[in-house]
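A short worksheet on the structure shown next.
The values are calculated or read from the model by the stated rules, or taken from the named source; none is laboratory data. Here the structure is a predicted model, which is why all the values come from computation and not from measurement. Cβ: placed from backbone, ideal geometry, glycine included. Neighbour counts: every protein chain shown.
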Amino acid sequence: MTLNIRVIAPDGIIWNTPIEEVVLPSTTGQVGILSGHAPLITALEIGLLRIKVNQSWKPIVALGGFAVVKNDTVTVLVSGIEEVGKDKYEEAQTILREATESLSLAKTTKEKIEASQNLKRASARLQVFQFLT
């Protein structure tokens with residue numbers, strides 16, 4: 001049995017295909033979904049969304065949202081996505097260092113929240129490279 005996934009962003013449908021497995025970046029931790037999973041609604045954090053198709057993982061940086069699992073269908077509504085190219089590893093490392101430094105220098109609550117979001121996004125971008133090799 002397989003799952004069906006639909007990943008929907010504000011600018012359109014990103015994925016709409018049968019898959020083997022998905023790992024969602026839930027606000028309570030990573031949630032793995034296989035065929036036959038119990039119904040679920042979960043909020044998504046900025047993080048790595050992994051989709052397994054044809055025995056291969058396809059990583060996407062999800063920029064927060066919600067996911068609904070029901071009857072072997074996973075519907076993911078995201079605020080946005082980022083795809084990371086194989087040639088961007090050094091750039092991703094630099095951005096992560098800068099985001100970490102920015103968070104440590106943040107003074108106001110607003111600066112801390114923005115820096116924290118940027119750090120999550122930078123960290124997720126770097127995690128993508130584990131699945132691109």
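Per-residue answers, yes or no, for (1) more than 17 Å from the chain's Cα centre (by Cα); (2) buried (at least 17 other Cβ atoms within 10 Å of the Cβ); (3) small (Gly, Ala, Ser); (4) assigned to a strand (DSSP E or B):
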| residue | (1), (2), (3), (4) |
| --- | --- |
| TRP15 | no, yes, no, yes |
| SER35 | yes, no, yes, no |
| ILE41 | no, no, no, yes |
| ILE46 | no, yes, no, yes |
| ARG50 | no, yes, no, yes |
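If you check every pair at least six apart or on different chains, which have Cβ atoms under 7 Å apart with a residue in segment 45-66 that is within 14 Å of LEU77 (Cα to Cα) and aromatic (Phe, Trp, Tyr) first and a residue that is at pLDDT below 95 and not in a strand (DSSP E or B) second?
If the second residue must be at pLDDT below 95 and not in a strand (DSSP E or B), no pairs are left.
Residue by residue, here is whether (1) surrounded by fewer than 13 Cβ atoms within 10 Å (Cβ to Cβ); (2) free of Cβ contacts under 8 Å to residues at least 24 places away in the same chain; (3) charged (D, E, K, R); (4) in contact with a Cys (Cβ under 8 Å, 6 or more places away or on another chain) holds:
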{"residue": "GLY85", "(1), (2), (3), (4)": "yes, yes, no, no"}
{"residue": "TYR89", "(1), (2), (3), (4)": "no, no, no, no"}
{"residue": "ALA92", "(1), (2), (3), (4)": "no, no, no, no"}
{"residue": "ARG97", "(1), (2), (3), (4)": "yes, yes, yes, no"}
{"residue": "GLU101", "(1), (2), (3), (4)": "yes, yes, yes, no"}
{"residue": "THR108", "(1), (2), (3), (4)": "yes, yes, no, no"}
{"residue": "LYS112", "(1), (2), (3), (4)": "no, yes, yes, no"}
{"residue": "VAL128", "(1), (2), (3), (4)": "no, no, no, no"}
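Under the condition of being among the aliphatic types (A, V, I, L, M) and part of a helix (DSSP H, G or I), which residue from segment 80-111 is farthest from LEU132 (Cα to Cα)? Full working, then the answer.
Step one: list which residues in segment 80-111 are among the aliphatic types (A, V, I, L, M), which gives 81, 84, 92, 95-96, 99, 103, 105-106.
Then drop every residue that is not part of a helix (DSSP H, G or I), which leaves 92, 95-96, 99, 103, 105.
Numbers: ALA92: 14, ILE95: 18, LEU96: 18, ALA99: 23, LEU103: 28, LEU105: 32 Å.
Taking the candidates together, the pick is LEU105.
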